[in-house]
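One structure is given below, encoded as structure tokens.
The values are calculated or read from the model by the stated rules, or taken from the named source; none is laboratory data. Just so you know, these numbers come straight off a predicted model, no measurement behind them. Cβ sites come from the backbone with ideal geometry, for glycine too, and all protein chains shown count toward neighbours.
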């Protein structure tokens, strides 16, 4: 998301962004490639207090020298570890909440010690959890900026589908998500097992495994597909760097979460690609989808999911009608230039309010 903000800097005049990172890596190098030299605060480890103190000193010097108006901490971790340094300057402090807060993790307990001036929440769902960190903190919902993918040539779609064994008569169902159980892979496979009498569909499951619990979960999914006698139509694609291409080549995006999504960038990407989206009726998804572009189902209801997928598989005209509205809905919620200008407006309003209140006191 930070790269998107950097990439669209020119669309918001008089809103100068600078970025600070605690670790060397792809983010820092990609920001540099976009012309944004990230300020290095040093490798910060909570288990090494001296690294935290050094990063705070570096950040404070940068803020004292730079004349900044706002520092935005993207999550509880930077707020808890670096927020105190901001509080020693004249710079205002904001929290951008990207996940639902619970207030129980040690990082969140640490973050509660530094109250920001304002919070930006990526959905109403996350905004409703803000009180677990801070009571009565001024906040606004600002959906994540998500760029529209570059147009895919028709032959590129055909080539990718053929490569993965799908012709133009095949209905391809895609899920591109981490291998976390709450993403709903199990429910999807259970629903597809009820559709094995229909031989016109294939399912692509994109995503790689890194941690041990992800690897164990992946193995159970392969066993489930085999035991359901649908493994010949389920393709585990592994980690991919062409998710935009997969979206353009698929026909339906289905991610039946069993836990609420804080927002759901993959849903926005699917809408940009013109795919009807099928997911569960809670979390950020309930704020993204309308009947014109997707379907919200009861969480964990494999029967309802199977019925909806059967309807979409057997009715290309319905898919086409629904897909017409997707790109417009995605841009309405997440167009990067629009969201960057909204961010500037929100922060300017908070700054103006605070100045006015000080003048009245």
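Computed values, structure above
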item: Residue in the range 241-256 that is buried (at least 16 other Cβ atoms within 10 Å of the Cβ), part of a strand (DSSP E or B) and out of contact with any strand residue (DSSP E or B) (no Cβ under 6 Å at 6 or more places or on another chain) present; result: no
item: Filtered residues of the range 296-339 (kept if in a loop (DSSP other than H, G, I, E, B) and within 21 Å of the chain's Cα centre (by Cα)); result: 299, 335
item: Leading residue by the ranking (nearest to residue 289 (Cα to Cα)) among those in the range 334-346 that are crowded, with 19+ Cβ neighbours inside 10 Å and touching a helix residue (DSSP H, G or I) at 6+ places or on another chain (Cβ under 9 Å); result: 334
item: Output for the range 207-236, where each listed residue is outside any helix (DSSP H, G or I) and over 16 Å from residue 188 (Cα atoms); result: 208, 209, 210, 211
item: Any hit, the range 90-101, residues being in the same structural domain as residue 52 (by TED's automatic domain parsing), part of a helix (DSSP H, G or I) and surrounded by fewer than 17 Cβ atoms within 10 Å (Cβ to Cβ); result: no
item: Residue list for the range 62-89, filter: touching a residue at least 12 places away in the same chain (Cβ under 8 Å) and in a loop (DSSP other than H, G, I, E, B); result: 68, 69, 74, 75, 88, 89
item: Among the residues listed as 184, 165, the single one being touching a residue at least 12 places away in the same chain (Cβ under 8 Å) and under 23 Å from residue 214 (Cβ atoms); result: 184
item: Any hit, the range 7-23, residues being farther than 23 Å from residue 338 by Cα and either modelled with pLDDT under 85 or assigned to a loop (DSSP other than H, G, I, E, B) (or both); result: yes
item: Some residue of the range 143-156 being within 25 Å of the chain's Cα centre (by Cα), touching a residue at least 40 places away in the same chain (Cβ under 8 Å), crowded, with 17+ Cβ neighbours inside 10 Å and farther than 24 Å from residue 262 by Cα; result: no
item: Set 356, 319: member being modelled with pLDDT under 95, assigned by TED's automatic domain parsing to the domain that holds residue 90 and surrounded by fewer than 22 Cβ atoms within 10 Å (Cβ to Cβ); result: 356
item: Residue, surrounded by the most Cβ atoms within 10 Å (Cβ to Cβ), within the range 181-196, restricted to residues that are part of a loop (DSSP other than H, G, I, E, B) and at pLDDT 95 or above; result: 184
